[in-house]
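To keep things clear, I will list the structure first and then write my remarks on it.
The values are calculated or read from the model by the stated rules, or taken from the named source; none is laboratory data. None of the values given here were measured: they were computed from a predicted structure. Methodologically, a virtual Cβ is constructed for each residue, glycine included, from the backbone with ideal geometry; neighbour enumeration extends over all protein chains shown. In case anyone asks, the SASA skips ligands and DNA or RNA and just uses the protein heavy atoms, side chains included. Shrake-Rupley method; radii C 1.70, N 1.55, O 1.52, S 1.80 Å.
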Amino acid sequence: MTTIQRLRQGERMSQIVIHGDTVYLAGQTATDPVSSVAEQTRQILDKIDLHLSEAGTDKSKILSASIWLTDVSTFEEMNAVWDAWVAKGNSPARATVGSPLARPKNLVEIAVIAAR
């Protein structure tokens, strides 16, 4: 039987769920939702690095990423930050969609699944 670990758990959701050798992160948003998509993306990727480390893995083992943008015209701005951050030679499967987010000040949300 494979155990399930839930880290940074709240009543509504866990930020990190580990099942076997797979790590699932909840959708991450900026801690300080400034008006820049680039800065929000940087903040989110820093949180992803932190959560992956806590789960015993890192960005080189990301299998897939789902990205939501409130305005798809900011796609290239987000990509510039993503491209500088992603582990070279280990780019994951990825989808990016335009969608409203739960909090209007959040312009970007990113969720990832990684191996350990």
Practice prompt. Go through (1) open to solvent by 70 Å² or more (accessible area, probe 1.4 Å); (2) farther than 19 Å from residue 113 by Cβ and name the single condition residue 61 misses.
Written response: (2)
Worksheet item: Quick one: which of 14, 36, 60 is farther than 30 Å from residue 2 by Cα and of a type in the set (Ser, Thr, Tyr)?
Response: 36
Practice prompt. Search the stretch 94-107 for residues that are touching a residue at least 40 places away in the same chain (Cβ under 8 Å) and pair each with any residue that is open to solvent by 40 Å² or more (accessible area, probe 1.4 Å) when their beta-carbon atoms are under 6 Å apart and the residues are at least 6 apart or on different chains.
Written response: 101/70; 101/109; 105/33; 106/33; 107/70
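Could you say whether any residue in the stretch 22-33 is more than 18 Å from residue 109 (Cβ to Cβ) and free of Cβ contacts under 8 Å to residues at least 40 places away in the same chain? Quick ask: steps written out before the conclusion?
Restricting attention to the stretch 22-33, the residues satisfying the condition of being more than 18 Å from residue 109 (Cβ to Cβ) are 22.
Now drop any that are not free of Cβ contacts under 8 Å to residues at least 40 places away in the same chain, which leaves none.
No, that holds for no residue.
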Worksheet item: Regarding residue 69, is this residue surrounded by 13 or more Cβ atoms within 10 Å (Cβ to Cβ) and under 21 Å from residue 13 (Cα atoms)?
Response: no
